[in-house]
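Following: one structure in structure tokens, then a few remarks.
Please treat every number below as a calculation from the coordinates, not as lab data. Predicted, not measured: the structure shown is a model, and the values here were computed from it. Because the Cβ atoms are built from the backbone with ideal geometry, glycine has one as well, and the counts that use them run over all protein chains shown.
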Ligand SMILES: Nc1ncnc2c1ncn2[C@@H]1O[C@H](COP(=O)(O)OP(=O)(O)OP(=O)(O)O)[C@@H](O)[C@H]1O
Ligand SMILES: [Mg+2]
């Protein structure tokens, strides 16, 4: 991947229409199929109810997480351990004290290998490392969702390609 390091990943933005939750599940399955996901930092943007947790749930299931997958709205983080893969699902909506970031040891988590998924990353702005992939969900009038994928690193670029390749033939806007 070193040779693609110099690319301007910031400009790589793809947009997909997700007519229903099944389409969200297909995006999650495509992401889960890529080995690059194992060390990725992914931000999930979008208003309340946009579908961030839903996407993460499908992603965790596709990776092999069984049992209940709770929204981390109250706990801020929910950790998952799979064989050879640590995953942290964050929801920073309730993070209002910057000190909380230090006290909770989040800095150590982001310095560790594994997959980090962050809902409401704007609430932790200034603390989070640069995300590999920025996902933004927008609710449309007919309740379908628009998903934009913005790659910011070579890892993010690989993931973005994987999703758009898997969605080839689906309507995009
Ligand atoms: N592609 C889709 N098309 C239509 N409905 C969807 C789609 N994806 C998710 N949904 C529905 O939208 C709702 C999204 O809720 P979810 O908890 O995932 O939102 P959220 O973005 O995590 O909200 P919060 O900011 O409160 O954490 C769920 O009811 C889900 O079934
Ligand atoms: Mg959520």
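What the table below lists for this structure:
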item: Taking 73, 155, 54 and counting other C-beta atoms within 10 Å, the order from fewest to most; result: 73, 54, 155
item: Burial order of peptide ranges 147-153, 21-27 (average beta-carbon count within 10 Å, highest first); result: 147-153, 21-27
item: The chain pair-distance distribution - Cα-Cα, 10 Å bins, rounded %; result: 10, 40, 38, 12, 1
item: Tensor-based shape of the range 30-101 (alpha-carbon gyration tensor, a/c under 1.5 rounded, otherwise prolate or oblate); result: prolate
item: Helix-only CD estimate at 222 nm, as mean residue ellipticity for the chain, using -39500 (n - 2.57) per DSSP H run (n ≥ 4); result: -8500 deg cm²/dmol
item: Order by protection proxy (mean Cβ within 10 Å, highest first), peptides 103-115, 38-50; result: 38-50, 103-115
item: Beta bridge orientation in the range 46-173: antiparallel %, DSSP, nearest 5; result: 70 percent
item: Two-site label geometry, residue 99 and residue 168: point separation in nm, points 7 Å out along Cα→Cβ; result: 5.4 nm
item: Efficiency of FRET between residue 108 and residue 141 - r from beta-carbon atoms, R0 45 angstrom, step 0.05; result: 0.55
